[in-house]
Structures are given as structure tokens and as C-alpha cells.
1. Pull up all non-local amide H partners of Ser63: gap of 5 or more, or a different chain, and H-to-H distance under 5 Å with H placed in the peptide plane.
2. Take the solvent-accessible surface of the protein heavy atoms, probe 1.4 Å, and return the percent of it on the range 118-192 that carbon and sulfur atoms account for.
3. Show me, for the range 8-21, the HN-Hα J-couplings you get by feeding each phi into the Karplus relation (A = 6.51, B = -1.76, C = 1.60, θ = phi - 60°), rounded to Hz, glycine and proline as x.
4. Spelling out what I want: for every residue of the range 57-74, take phi, set θ = phi - 60°, compute 6.51 cos²θ - 1.76 cosθ + 1.60 (Karplus), and round to whole Hz; glycine and proline get x.
5. Rounded to the nearest 0.05, what FRET efficiency is calculated for Phe197 and Met171 with R0 set to 45 Å and r the Cβ-Cβ distance?
6. Rounded to whole Hz and in sequence order, give me ³J(HN,Hα) for the range 76-87 from the Karplus expression 6.51 cos²θ - 1.76 cosθ + 1.60, θ = phi - 60°, writing x for Gly and Pro.
7. Just need the relative contact order of the chain here, percent rounded to a whole number, with Cα pairs under 8 Å and 6+ apart.
8. What does the charge count around Gln60 come to, taking other residues whose C-beta lies under 14 Å from its C-beta (Lys +1, Arg +1, Asp -1, Glu -1)?
Amino acid sequence: MDNLIAVAAALLYFLAIATIVPGLVQQTGIKAKTVFVSALLALVFHAWLLSDLILKVSGQNMSILNVASLISFIIALVMSLAMLKTRIWFLLPVIYSFSAINLSAATFLPTTFITHLENDPKLLVHISLALFSYSTLSIGALYALQLAWLDLKLKAKKALVINPNLPPLMMVERQLFKIILIGNTLLTGTLLTGFIFVQDMFVQGKAHKAILSFVAWIIYSVLLWGHYQKGWRGRKVTYFAVAGATLLTLAYFGSRLVQEIILT
């Protein structure tokens, strides 16, 4: 059953992608309703699949592939809703592709990492903040890459041939810093709840998570300060945003990738 759900969700994600890409390539109108309905149905199947994969009688299976699929779901859901208000067509094919790949991997390459969050609500709060902060700042990294690409087009004097489906540069920049501000606030909550609620946060094998997350928090904080106080923009913004997201990826997935995938 899970296999059929995964295939259905992946096909719907790719239908949404197939509706978007021709408009980006040919600079024609994109059928937003078709994209939204396809993505919405894919998200329903994705959520159904996650409930089967994660919620077990013996606890919650928070394996690395399940967590990656959950994060992909959060990002796809947020960006699908954002589609209704802003032109994010450039980002959606990337987001939906990762969602389809991650849910397929979680289904067809199952791994197990059972937790018991129902017995530890404080840990549940910490993990929830971590998931949402990482998802938000990953979206920020995608916005930063889009910003860099649009800026490159403008500097190459190709402003007149930029696809009308793409958003204005200044709007992307404003949205980027709103996203990073929200994400860094959530990351602050993640770190604080980790220090308060997680007893073994600095034991061997886990300390790197806290250290890398804290370094990422510093990078995002410096970026926000530099933008609002010094007017930073352009490549520097992209470097900081991508560096922060990379550190968080290493923090959240680095050791788990080795333990669950490479060494098994």
C-alpha cells in the first residue's frame, strides 16, 4: 500500500513540475490552478505516507530518510501556499523534485530509528522547533540562490529578456530576509530548548550538532545585522545564507547519514 501511495504522490509532484517548466522555458503563462491542485493532492498522499512510515505501535520511526521526507513535506506545503500570493515558479520544480525523491527513498529504502516522543513532550517541542527552523532556513537558502541568479541576469544586461513568470529582484530580497529572520528566531528557540531540555546534548557523538547549529546561528545573526545595519546585499548574502543552511544540514544529518545509511 505504501508503495502505491509513494508512486501516486511522486507522479503528482512531477505533474506539477511538468506544468511549470514549459512556462519558464518558453516564457508563457503557467496554469497555476493545475499546479496547485496537483501539488495539493501530492501533499495529501505525502502526509498519508508519512503517517504510515513514522507512526508505529512501538513509537515513532524518526529515521534519517523519514525526517528528510518530513522536512520536504513541510517545505513543499509552505511553498505551495506561497504560490497563491507570489511568483515562485523558479523554485517549485526544485522543491517538488526533492519531495518526490525523498518520499520515494523513505518508502523503498526503509531504515529504522525508533523514538518515544509521547513520553517526553519537552523533547517533542525541541524537535518540532528544529524541523521548522531547518525547513524555513532551507527555503531561505533557495531564495538566496534565486536572488543570486536574478542579480546575475540583471548585471549581464538581460533584464529585458527575464521571464515574466519570475519575481522582481527587490521583492525576492525582501522576502529572503523575512524568511531568514523567522528561521533564525526558530533556530534560537531550538538552541535554547536544546540547552534546557536535552540532558545529553554535549555527549560524545552529539556535541557536533549543538556546535554546528550554534555556528549557523552566528552566521545568520551576522547576516541579519549586516543587512539591516550595513546594507549588505548581493553575493555576500547568498554566501552567508547557503553556508548557514549547509552547516545545519551537517548538524542534523551528518552523523545519522553515516550511522543509518553508510554503516548499515
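1. Placed amide hydrogens put Phe113 under 5 Å from Ser63.
2. Details: 2700 of 3750 Å².
For the range 118-192, the apolar C and S fraction of the accessible surface comes to 72 percent.
3. 3J(HN,Hα) across the range 8-21, in whole Hz: 4, 5, 4, 4, 5, 4, 5, 5, 4, 4, 5, 7, 7, 4.
4. Here the 3J(HN,Hα) series is 4, 7, x, 10, 8, 9, 5, 4, 6, 5, 5, 4, 5, 5, 5, 4, 5, 4 Hz.
5. Working from the Cβ atoms, E equals 0.75.
6. Those phi angles translate into 5, 5, 4, 6, 5, 5, 5, 4, 6, 10, 9, 7 Hz.
7. Computed over the chain, the figure is 20 percent.
8. Here the charged neighbours net out to -2.
The values are calculated or read from the model by the stated rules, or taken from the named source; none is laboratory data. It should be emphasised that the depicted structure is a prediction, and the values quoted were computed from it without experimental measurement. So basically every Cβ, Gly included, is an ideal-geometry build from the backbone, and we count neighbours across all protein chains shown. Ligands, DNA and RNA are excluded from the accessible area calculation, which covers all protein heavy atoms including side chains. Shrake-Rupley method; radii C 1.70, N 1.55, O 1.52, S 1.80 Å.
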